[in-house]
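Peer 1: Take a look at this one; I'll ask things after.
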Amino acid sequence: MRTDNAARQSRHSVGLLNLDRHGGAFVIDHARSSEADVQAELYMAAKQAGLDLKLEINLGKNYLRADAAFYDSQDRIYALVEVKRSVGNGRTKTQSRQYKKYEASGLPWRYCLGRDQIKDTIQWVIHVWTENQVNDGGP
């Protein structure tokens, strides 16, 4: 039987991922994703769709740090995405400073609330890019 101290030593936390020792090895709990995991998967999906983006970019004097900024062939940003690790209760804080900074940017933006929303987020970005091209007289 394990003592409390032995049990405590076998369970470690790295960020939001819980690691357990099983047979002397650490095992990742895939049921929980970190925000960085979601950002990485969003990045990969965007690249596969042929979209250009930068992660963790600072914008303007109000110091908005966007999780993802999508830009066109002339390096103009046309859409922003704020990534959260999961949907949680399905609501976001509309009165937060971060929300207000995104609204004040004047750019189209949306939340990507976890892995399940990556596909819809990419489709939204493509729609915004298409609208941007039409409004700019592009192809």
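Peer 1: How big is region 35-135 along each principal axis, measuring the range of its Cα positions in Å and listing the largest first?
Peer 2: Here the Cα extents, ordered largest to smallest, are 35, 31, 21 Å.
Peer 1: Moving on. Based on the Cβ-Cβ distance from residue 130 to residue 27, what FRET efficiency comes out when R0 is 41 Å, to the nearest 0.05?
Peer 2: FRET efficiency, residue 130 to residue 27: 0.40.
Peer 1: Can you put 28, 57 in order, fewest other beta carbons within 10 Å first?
Peer 2: 28, 57
Peer 1: Determine the gain in length on full extension of the stretch residue 34-residue 104; use 0.36 nm per residue of separation and subtract their C-alpha separation, reporting nm with one decimal.
Peer 2: Computed gain between residue 34 and residue 104 is 22.5 nm.
Read-outs throughout are calculated quantities, based only on the coordinates presented, and are distinct from any laboratory measurement. Model, not experiment: these values are computed from the prediction. Neighbour counts run over all protein chains shown; Cβ positions are idealised from the backbone, glycine included.
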